[in-house]
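**Student:** Below you'll find the structure I mean.
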Amino acid sequence: MAQNDSNALAISLFSEILMADQLARSRLTKALPKGMEISHFSVLNHLAHASAERSPAQLAKTFHVTRGAMTNTLGKLETAGYVHIRPDWDDARRKMVAISPAGRQAKDAALAGIAPIISEIVGDIGEDRVRSALPILREMRVKLEEDT
């Protein structure tokens, strides 16, 4: 494949991914409970499935955001009563974050709002086609993570 064709293919691929991301975020945000943002849901969902508390730095690394951005998100979640933030007993400079019972309920409510949208899209595209796309998208994500 010629360099120009290869560049055009790469640009088309990333244009589609970025546009799909924008449209998905817009649609999902509308389905979330009032005041909840996708970043809030993502952190709550992660904490709900985590086997242990996480530090803000660990969460920032997981979500590929700055510590400041994660501190802002965690502050909003704490104000809403969705997470508990406590000092790290081993290192007083650090904090540890855990999801609260109210946070689990909020995560479940958010999931109930967005699951039908996601399921409808997967159903329209077809489960087999979506399943076949996942390894490629996962490989792209891994490659992008390596480069950060």
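The values are calculated or read from the model by the stated rules, or taken from the named source; none is laboratory data. Predicted, not measured: the structure shown is a model, and the values here were computed from it. Virtual Cβ from ideal backbone geometry, glycine too; neighbours counted across all protein chains shown. When the accessible area is computed, the model is the full protein with side chains, heavy atoms only, and any ligands, DNA or RNA have been set aside. Shrake-Rupley method; radii C 1.70, N 1.55, O 1.52, S 1.80 Å.
**Student:** Restricting to DSSP loop positions (anything but H, G, I, E, B) with no more than 16 other Cβ atoms inside 10 Å of their own Cβ, which chymotrypsin sites (Phe, Trp or Tyr not before Pro) remain in the stretch 54-148? If you can, show how the numbers build up before the last one.
**Tutor:** Details: sites: Phe63, Tyr82, Trp89; in loops: Tyr82, Trp89.
Those that pass, being in a loop and sparsely packed, are Trp89.
**Student:** Could you work out what % of the accessible surface of the chain is carbon and sulfur, using a 1.4 angstrom probe and leaving DNA, RNA and ligands out of the count? List each step's numbers first, then the result.
**Tutor:** Numbers: 5940 of 10420 Å².
Result for the chain: 57 percent of the exposed heavy-atom area is carbon or sulfur.
**Student:** Taking 0.36 nm per intervening residue step and subtracting the Cα-Cα distance, what contour gain separates Ala92 from Arg25 on full extension?
**Tutor:** Details: separation 67, 0.36 × 67 = 24.12 nm, distance 3.67 nm.
Answer, rounded to one decimal: 20.5 nm.
**Student:** I would also like to ask the following. Which whole-Hz couplings ³J(HN,Hα) result when phi for each residue of the stretch 57-63 is put into the Karplus expression 6.51 cos²θ - 1.76 cosθ + 1.60, θ = phi - 60°, listed in order with x for Gly and Pro?
**Tutor:** Rounded to whole hertz, the list is 5, 4, 5, 4, 5, 4, 9.
**Student:** To make sure I understand the rule: partners must be aspartates and glutamates, Cα under 19 Å from the Cα of Lys95, and not fewer than 8 residues away in the same chain. Which ones qualify?
**Tutor:** Leaving aside aspartates and glutamates fewer than 8 places away in the same chain, those within reach of Lys95 are Glu53, Glu78.
**Student:** In a shell of Cβ-Cβ distance under 10 Å around Lys61, excluding Lys61 itself, what net charge do Lys and Arg (+1) and Asp and Glu (-1) give?
**Tutor:** Values: positive: Arg54, Arg67; negative: none.
Its environment carries a net charge of +2.
**Student:** Skipping prolines and chain starts, which residues have an amide H placed within reach, meaning under 5 Å, of the one on Arg94, given they are 5 or more residues away or on another chain?
**Tutor:** Here the answer is Asp88, since their amide H atoms fall under 5 Å of that of Arg94.
**Student:** Oh, and also: Before I look further, what does the stretch 100-148 give for accessible area per residue, probe 1.4 Å, in whole square angstrom? Please list the in-between numbers first.
**Tutor:** Details: 3620 Å² over 49 residues.
About 74 Å² of surface per residue is accessible.
**Student:** For Val83, what residues show an amide H to amide H distance below 5 Å, using hydrogens built from the backbone and excluding near sequence neighbours?
**Tutor:** Result for Val83 returns Glu78, Ser100.
**Student:** If you don't mind, another one. Using R₀ = 22 Å, calculate the FRET efficiency as 1/(1 + (r/R₀)^6) where r is the Cβ-Cβ separation of Glu120 and Arg67; round to 0.05. All intermediate terms of the calculation are to be shown ahead of the outcome.
**Tutor:** Numbers: r = 36 Å, r/R0 = 1.66.
Efficiency, from the Cβ-Cβ distance: 0.05.
**Student:** Quick one: 3J(HN,Hα) in Hz for the stretch 124-132, Karplus 6.51/-1.76/1.60 with θ = phi - 60°, rounded, Gly and Pro as x.
**Tutor:** Per residue, the Karplus-derived 3J(HN,Hα) values read 5, 6, x, 4, 5, 5, 5, 4, 6 Hz.
**Student:** For Leu111 and Leu134, compute 0.36 nm times the residue count separating them, minus their Cα-Cα distance, and round to one decimal in nm. Mind dumping the intermediate values first?
**Tutor:** Numbers: separation 23, 0.36 × 23 = 8.28 nm, distance 2.07 nm.
My answer for the length gained is 6.2 nm.
**Student:** Loop only by DSSP, 14 or fewer other Cβ within 10 Å of the Cβ. Give me the trypsin sites (Lys or Arg not before Pro) in the stretch 89-127 that pass, ordered by residue number.
**Tutor:** Hits after loop and neighbour filter: Arg93, Arg94.
**Student:** A further question on this structure: So what is the orientation-averaged projected area of the chain, using the convex hull of its C-alpha atoms, in nm²?
**Tutor:** Numbers: hull surface 44.8 nm².
Answer in nm², one decimal: 11.2.
**Student:** Hey, another quick one. Using helices alone, what [θ] at 222 nm do you get for the chain, with -39,500 (n - 2.57) per DSSP H run of 4 or more residues, divided over all residues and rounded to the nearest 500?
**Tutor:** Values: 6 runs with 107 residues, N = 148.
Estimated from H runs of four or more residues: -24500 deg cm²/dmol.
**Student:** Keeping all protein chains in place, calculate the accessible area per residue for the stretch 28-71 (probe 1.4 angstrom), answer in Å². Intermediate results must be reported in sequence, preceding the final value.
**Tutor:** Numbers: 2540 Å² over 44 residues.
Accessible surface, normalised per residue, equals 58 Å².
**Student:** Right, something else. Please label the shape of the stretch 22-67 as rounded, prolate or oblate, based on the square roots a ≥ b ≥ c of the eigenvalues of the alpha-carbon gyration tensor (a/c under 1.5 means rounded; beyond that, a/b larger than b/c means prolate, else oblate). Don't skip to the answer; put the middle values down first.
**Tutor:** Numbers: a/c = 2.65, a/b = 1.75, b/c = 1.52.
Here the stretch 22-67 falls in the prolate category.
**Student:** Check cross-link reach from Lys143 to the lysines: straight Cα distance under 30 Å, and skip same-chain residues fewer than eight apart.
**Tutor:** Within the straight-line limit of under 30 Å, Lys143 reaches these lysines: Lys61, Lys107.
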